[in-house]
Amino acid sequence: MAAVDAAVLSITRGDNMGYDIKIFDPIRTAVLVIDMQNDFIAVGAPLETSTGRALIPILNKLVDALRDRGATIIYTAHVHKEDGTDIGRYGEIHPPSGRGEALVEGSLGAEIYPECAPKKGDRLIKKHRYSAFFETELQQILKERWIQNVVVVGVTTENCVHATARDALFRDYRTFVIADCCATRDHPDAGWGALSASQVQQTSLIILKQSTADVCTSEELVKRFCFPTVLPT
């Protein structure tokens, strides 16, 4: 494995925390498309993230490019039972979910937004917390596919994208967060002042870059493709 790593990956580290992955093998890569669901993306949705709609063309282009080069594409859907029995303490800090007003399993709102729906061969994982790794089959899928690199896109940047990226890092995956394929929304004043979506996005990406992932644009990522290796048998 070490010889393969040396052949397909180059990492540079500066004086600051964080790292830049210079080249990577798409076949050893999983793209995690986080929570691009109707309840987040549709106009007037209870958790509407309008900037999430705006990034769909760029997100689709990147996902298609990686899929065409052999990457594993995995969509996540954050869902809860209508009676809230699987939500735990999360329902106390996220009232719409706690009251069954959003992300109800089996509802139209919990489905992936049609303009960025999974394609044949893609996987869909249902999750119940921010991280796509928490009590899901994701880790097993990545092991079965010999995945080394994880690319995280979707919504929202500061919550489910961040939690998933951090859990990927702590499971020793080389982790990318794609700046122009993630989105968030305005945050009201919770005692320290309100933040616009752009402020939340900027702050989240800075923190991710310094602590968790290689944060880059979709165009920058595509330039780093290397020739794929043969998967182990």
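The values are calculated or read from the model by the stated rules, or taken from the named source; none is laboratory data. Everything numeric in this text was worked out from a predicted model, so none of it was measured. Cβ sites come from the backbone with ideal geometry, for glycine too, and all protein chains shown count toward neighbours.
Quick rundown of the values:
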{"quantity": "Residue that is touching a residue at least 12 places away in the same chain (Cβ under 8 Å) and under 13 Å from the mean Cα position of the chain (by Cα), where the choices are A102, A168, A110", "calculated": "A168"}
{"quantity": "Search result, residues across segment 162-194 that are at pLDDT below 95 and either closer than 19 Å to I58 by Cβ or in contact with a helix residue (DSSP H, G or I) (Cβ under 8 Å, 6 or more places away or on another chain) (or both)", "calculated": "R185, D186, H187"}
{"quantity": "Residue tally, condition under 18 Å from P26 (Cβ atoms) and touching a residue at least 40 places away in the same chain (Cβ under 8 Å), over segment 119-151", "calculated": "13"}
